[in-house]
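To keep things clear, I will list the structure first and then write my remarks on it.
Each value in this text was obtained by applying a stated rule to the coordinates, not by laboratory testing. Computed from a predicted structure; not experimentally measured. Positions of Cβ are backbone-derived with ideal geometry, glycine not excepted, and every protein chain shown enters the neighbour counts.
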Amino acid sequence: MDVRKIRTGDERELIDLFSSLDEETEFMLFEPGEREMSEADQAKYIKQLPDLKNVLLLVSESEGVMTGFLGATGEINRRNKHIVKLAMGIKKQFWGQGAGKLLLKNLEQWAETEGYHRIEMTVQESNIRAQKLYQACGYEVEGIKAHALLVAGEYINELYMAKLIGENQNSKTRPTG
């Protein structure tokens, strides 16, 4: 399994990856067919990424096939500029093969280099597999966002999860749970 930054020429495969993820699991934010993106739009977005210091888009690959992604966006306001938020998805057939850990490791290296101190995300309460992955990588549950999503006619809770990185991880102001 390899991890790399997205690059020009990946547009079609990235669109196909997102479509597959939306079809095969209810853990993604988008429902099947809900993402509207053209190859031209994706190409324009990918082309501007090197100029955006607060955005990272990684993909995992196995034998040249895109298996997953991790998108991260850093906040820009002075009071929360130390925070980066992530979204991640791995194709089902590649679950448990290390892509998630590699994507998170690469994110953390980038985030620390860019001066971020906190990485956070939400994960569906029923997505035990993802929770275990995040916890194995040092992320902690910080709270519940009740009825955050409506999936297949049912309200779903999300968990807030986060990890502190870099210096001052054990600051006096860190909540104890």
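Send over the per residue convex hull volume for the chain, Cα only, as a whole number of Å³.
Cα-based convex hull of the chain, divided per residue, equals 127 Å³.
³J(HN,Hα) across segment 105-120 via Karplus (A = 6.51, B = -1.76, C = 1.60, θ = phi - 60°), whole Hz, x for Gly/Pro?
4, 5, 4, 4, 4, 4, 4, 5, 4, 7, x, 7, 10, 9, 10, 9
Per residue of segment 155-160, what does 6.51 cos²θ - 1.76 cosθ + 1.60 with θ = phi - 60° give for ³J(HN,Hα)? Whole Hz please, x for Gly and Pro, Karplus curve as stated.
Once θ is set to phi - 60°, the couplings for segment 155-160 become 6, 10, 7, 10, 9, 7 Hz.
Using +1 on the beta carbon of Lys and Arg, -1 on that of Asp and Glu, and nothing else charged, what's the dipole of segment 2-118 about the Cα centre, debye to 20?
On the way: 17 positive and 21 negative charges, 161 e Å.
Once rounded to the nearest 20, the dipole reads 780 debye.
State the antiparallel share, in %, of DSSP beta bridges confined to the chain, rounding to the nearest 5.
Working: 34 of 37 bridges.
Once the DSSP bridges in the chain are tallied, antiparallel ones form about 90 percent.
Would you compute, from DSSP H runs of 4+ residues alone, the mean residue ellipticity of the chain at 222 nm, taking -39500 (n - 2.57) per run and dividing by the full residue count, rounded to the nearest 500? Show your work: numbers first, answer last.
Working: 4 runs with 48 residues, N = 177.
Roughly -8500 deg cm²/dmol at 222 nm, from the helical runs in the chain.
Could you pull out the pairs from 5/163; 85/105; 47/101; 44/91; 85/145; 53/101 whose alpha carbons sit more than 20 Å apart here?
Working: 5/163 22 Å; 85/105 15 Å; 47/101 26 Å; 44/91 25 Å; 85/145 16 Å; 53/101 23 Å.
Going by Cα-Cα distance, 5/163; 47/101; 44/91; 53/101 fall outside the 20 Å limit.
Counting alpha carbon pairs within less than 8 Å and at least 6 residues apart, what relative contact order, in whole percent, applies to the chain? Walk me through the numbers before you get to the answer.
Working: 274 pairs, mean separation 32.1, N = 177.
Computed over the chain, the figure is 18 percent.
Give me 70, 149 sorted ascending by neighbouring Cβ count inside 10 Å, so fewest comes first. Display every interim value, and only then the final one.
Numbers: 70 24, 149 16.
Final ranking by Cβ density, sparse to dense: 149, 70.
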